[in-house]
Amino acid sequence: MSFQIPRGTQDIMPGEVEKWQKIEEKAKELCKKYNYHEIRTPIFEYTELFQRGVGDSTDIVQKEMYTFKDRGDRSLTLRPEGTASTVRAYVQNKLFGDPQQPTKLYYIGPMFRYERPQKGRTRQFVQFGIEALGSNDPAIDAEVIALAMQLYQELGLKHLRLVINSLGDQESRQAHRNALVEHFQPVINELCSDCQNRIHTNPLRILDCKKDREHESMNTAPSILEFLNEESQVFFENVKSYLEEMGIDYVIDPTLVRGLDYYNHTAFEIMSEAPGFGAITTLSGGGRYNGLVEDVGGPETPGIGFAMSLERILLALEAEQVDLHVQAELDCYLISLGEHSKKRSMSLLNELRNAGLTVDRDYLDKKMKAQFKAADRLNARYVLVLGDDELDKGVINIKDMQDGSQVEVAIDETTSYVLKHLEGGS
Ligand code: HAM
């Protein structure tokens, strides 16, 4: 009997995993530069957190959560995203009491959504996300967007488009909501059953409907930008001017509403415009969520963040044919011939590794030629050959695989020889 992995998941194998590690490293480096600190929250939470946090009327909560009862009959859910958990941890650990505000956090980890798998959409995916809690300054909105853009650019992506919108504050949203109800009510019977519910629960979600996208009422729907009150307008203007100050190009899309309920004011998505990226063009999404901390039981605290999946970064890199240069290499491959030299080679292996070198050897008792082949396949820079004859003389043969040259050095000097020549780059 053989087993397959569940639909919508993937194995990330050696050779591929190095790319993931490189992206993770880059993301972490960048977070350090921007002073964001890592937070690790559980993979599952109480279901109610997401119902409250992400929102009961969202597709995520209604259709996509992996929810199960544990043996104590508690309803748990595999996290579909990272913001609700981060905010829960922020409140539970009273980070709002920290004198240094805003609290700047980031996470990298698997998220789970029961979606229809397709290119760029899986059921388990890895999100890198950041959350800045405790500042209502539109400058931090620009900082959050800048970090996302910089990561893509540093990875080598060029075909990017930043789309922004404002969803306004509570008052603006209420005015817009009323206008949406008025707009969609006369045609509601022509829309899908989800939209017929959405008009009561959250009419904004109608604009995000995948089924009714082509209905003509969508094009003529009232735009949130017409309903922004003065405060919301000023906020949006400030975000835009900070982006301009940072030299970040953007386009405004008044139909960008995002698929989660917690947003207000700034909403943004970064799209890939690379030909061949696929039907789903969104690389990342985020926005401001003033009010979420309170919804999760904390004090009134503004927040903003984004998340992006590593899967979509990799698709974009592939579409743009960017090579991350992650080929694995060995500093040394150790070949021993004969029983005595095999024994001695084990302590040499230790010594080389303790000196920080990347070293491997043969464990299948292969012939010398096959061992050289292995060294080649593993991209070894130096091949160290120790036979019983050499051992008797106290020497080892070192072959530089880059230029083919060979030298004999004293066994005790192997490590210093390799270190010296690697450093010298020769
Ligand atoms: P989201 O738009 O639901 O927002 O997801 C953010 C990103 O996660 C997407 O742009 C995409 O890169 C990735 N993603 C989502 N679903 C999938 C999937 N099924 N397969 C592959 N990648 C996927 C959020 O999750 C918010 N928590 C973002 C945020 C953080 N807002 C404020 N702070």
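The values are calculated or read from the model by the stated rules, or taken from the named source; none is laboratory data. Please read these numbers as outputs of a predicted model, since none were measured by experiment. Backbone-built Cβ (ideal geometry, glycine too); neighbour counts: all protein chains shown.
Given the residues 408, 413, 390, which is the only one that is at pLDDT below 95 and of a type outside the set (Ser, Thr, Tyr)? Can you show your working first?
Working: 408 fails: at pLDDT below 95; 413 fails: at pLDDT below 95.
That would be 390, the only listed residue that is at pLDDT below 95 and of a type outside the set (Ser, Thr, Tyr).
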note = Given (1) within 30 Å of residue 356 (Cβ to Cβ); (2) within 16 Å of the ligand (Cβ to nearest atom), residue 342 misses just (2)
remark   = Subset of segment 100-128, residues more than 12 Å from the ligand (Cβ to nearest atom) and either over 21 Å from residue 54 (Cα atoms) or not assigned by TED's automatic domain parsing to the domain that holds residue 246 (or both), comes to 100, 101, 102
Scan of segment 222-236 for residues that are surrounded by fewer than 19 Cβ atoms within 10 Å (Cβ to Cβ) and assigned to a loop (DSSP other than H, G, I, E, B), ordered by number = 222, 223, 229
Strands (runs of 3 or more DSSP E) wholly inside segment 342-406 that include at least 1 residues being in contact with a Cys (Cβ under 8 Å, 6 or more places away or on another chain) and under 25 Å from residue 15 (Cα atoms) = 359-361, 380-387
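Assess whether residue 324 counts as being more than 12 Å from the ligand (Cβ to nearest atom), touching a residue at least 60 places away in the same chain (Cβ under 8 Å), of a type in the set (A, V, I, L, M) and not assigned by TED's automatic domain parsing to the domain that holds residue 112.
Values: more than 12 Å from the ligand (Cβ to nearest atom): yes; touching a residue at least 60 places away in the same chain (Cβ under 8 Å): yes; of a type in the set (A, V, I, L, M): yes; not assigned by TED's automatic domain parsing to the domain that holds residue 112: yes.
Yes: the conditions hold for residue 324.
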request  = Go through segment 56-94 residue by residue and tally those that are in a loop (DSSP other than H, G, I, E, B) and in contact with a Ser or Thr (Cβ under 9 Å, 6 or more places away or on another chain).
outcome  = 7
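Mind checking whether some residue in segment 45-66 is under 26 Å from residue 259 (Cβ atoms), under 17 Å from the mean Cα position of the chain (by Cα) and buried (at least 18 other Cβ atoms within 10 Å of the Cβ)? Lay out the reasoning, then the answer.
The initial filter retains those residues of segment 45-66 that are under 26 Å from residue 259 (Cβ atoms), namely 45-66.
Remaining after also requiring under 17 Å from the mean Cα position of the chain (by Cα): none.
No, the conditions are met nowhere in segment 45-66.
So, in segment 213-250, of the ones that are β-branched (Val, Ile, Thr) and touching a residue at least 60 places away in the same chain (Cβ under 8 Å), which residue ends up nearest to residue 158 (Cα to Cα)?
So in segment 213-250, the residues β-branched (Val, Ile, Thr) come out as 220, 224, 234, 239, 248.
Remaining after also requiring touching a residue at least 60 places away in the same chain (Cβ under 8 Å): 239, 248.
On the way: 239: 23, 248: 13 Å.
Among them, the one singled out is 248.
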remark   = How many residues of segment 292-312 are within 8 Å of the ligand (Cβ to nearest atom) and either among the small types (Gly, Ala, Ser) or in contact with a helix residue (DSSP H, G or I) (Cβ under 8 Å, 6 or more places away or on another chain) (or both)? The answer is 7
request  = Report, by residue number, each residue of segment 76-99 that is within 16 Å of the chain's Cα centre (by Cα) and either β-branched (Val, Ile, Thr) or more than 13 Å from the ligand (Cβ to nearest atom) (or both).
outcome  = 83, 86
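Test of understanding: among 360, 365, 331, which residue is loosely packed, with under 11 Cβ neighbours inside 10 Å and of a type outside the set (Val, Ile, Thr)? Before you say what the answer is, go through the steps one by one.
On the way: 360 fails: loosely packed, with under 11 Cβ neighbours inside 10 Å; 331 fails: loosely packed, with under 11 Cβ neighbours inside 10 Å.
Result: 365 is the single residue among 360, 365, 331 that is loosely packed, with under 11 Cβ neighbours inside 10 Å and of a type outside the set (Val, Ile, Thr).
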